[in-house]
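The values are calculated or read from the model by the stated rules, or taken from the named source; none is laboratory data. Since this is a predicted model, take the numbers as computed values, not measurements. A quick note on method: Cβ atoms are made from the backbone with ideal geometry, for glycine too, and the neighbour counts reach across all protein chains shown.
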């Protein structure tokens, strides 16, 4: 199994995962042409996607989902709460799931959803498994719950949010209400929270750790990297930072 981000941040998010002969997109916060362009940079045509998994209804994750699915006939999986808030209609091949429901198979990839604490209607994230390898995904979560730690505990690779540095957020340009929202229990994970989670997981088994959803105003890549490497310096060889403006390289699990 391998994976790559098309881009990650407040201006758009999408993650491409390939396992066996199956390719899935997790979220699509970019317009149609930009999504197709970034997929092409990774050597994948949009018409070759077997599905789109949606995490929640915020526009930086959902903006391009419906138009991409309609154009290329791609099935969508989303929670009832997420799609009910999306205001999209007429999307064929929509399959509603529960954030606490059972997993399901899409081609060669096993998909296991789990709930996350975020200020959305029914947000979830996923553990994806193919060929005996597991990829865990966690962004847009205000804090780490025991259930999240349990679900990510046996993963071989991880996509993990490092949205903000607490001091940069405190001193940054956001108004007080927005600072409180981002740093609150239903906002986004900060560098220190991500590092604490890595420290609590069997991180020495991780083949890849991709840091995602970094704020352009309230974080810096060096600060995110330093927070994680303070847990285990040997992670440096397995660590990649997602960029907002271009895809990451393909990463193998």
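Can you tell me how many residues within region 100-109 are buried (at least 16 other Cβ atoms within 10 Å of the Cβ) and either assigned to a strand (DSSP E or B) or at pLDDT below 95 (or both)? So that I can check it myself, show each step before the final result.
Taking region 100-109 and keeping what is buried (at least 16 other Cβ atoms within 10 Å of the Cβ), we get 106, 108-109.
The next check asks that each one be either assigned to a strand (DSSP E or B) or at pLDDT below 95 (or both); those that pass are 106, 109.
Number of matching residues: 2.
Does residue 182 qualify as being touching a residue at least 24 places away in the same chain (Cβ under 8 Å) and not in a helix (DSSP H, G or I)? Before the answer, list the steps.
Details: touching a residue at least 24 places away in the same chain (Cβ under 8 Å): yes; not in a helix (DSSP H, G or I): no.
The answer is no for residue 182.
Could you please find all residues in region 144-171 being more than 18 Å from the chain's Cα centre (by Cα) and either within 24 Å of residue 101 (Cα to Cα) or modelled with pLDDT under 95 (or both)? Before the answer, list the steps.
If we filter region 144-171 for residues that are more than 18 Å from the chain's Cα centre (by Cα), which is where we start, we get 146, 165-171.
The one that is more than 18 Å from the chain's Cα centre (by Cα) and either within 24 Å of residue 101 (Cα to Cα) or modelled with pLDDT under 95 (or both): 146.
Quick test for you: out of 56, 72, pick the one residue that is modelled with pLDDT of 95 or more, out of contact with any strand residue (DSSP E or B) (no Cβ under 6 Å at 6 or more places or on another chain) and within 22 Å of residue 22 (Cβ to Cβ).
The match here is 72.
Each row is one residue, and each column tells you yes or no for (1) modelled with pLDDT of 95 or more; (2) surrounded by fewer than 22 Cβ atoms within 10 Å (Cβ to Cβ); (3) under 21 Å from residue 245 (Cα atoms).
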| site | (1), (2), (3) |
| --- | --- |
| 21 | yes, yes, no |
| 28 | yes, no, yes |
| 37 | yes, yes, yes |
| 48 | yes, yes, no |
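Scan region 191-219 residue by residue and report those that are in contact with a helix residue (DSSP H, G or I) (Cβ under 9 Å, 6 or more places away or on another chain), more than 23 Å from residue 14 (Cβ to Cβ) and outside any helix (DSSP H, G or I).
Matches in region 191-219: 201 only.
Of the residues in region 62-76, how many are out of contact with any helix residue (DSSP H, G or I) (no Cβ under 7 Å at 6 or more places or on another chain) and farther than 20 Å from residue 8 by Cβ? Step through it out loud before you land on a result.
Kept after step one, since they are out of contact with any helix residue (DSSP H, G or I) (no Cβ under 7 Å at 6 or more places or on another chain), are these residues of region 62-76: 62-63, 65-66, 69-70, 73, 75.
Filter once more, keeping what is farther than 20 Å from residue 8 by Cβ: 66, 69-70, 73, 75.
Within region 62-76, residues that are out of contact with any helix residue (DSSP H, G or I) (no Cβ under 7 Å at 6 or more places or on another chain) and farther than 20 Å from residue 8 by Cβ number 5.
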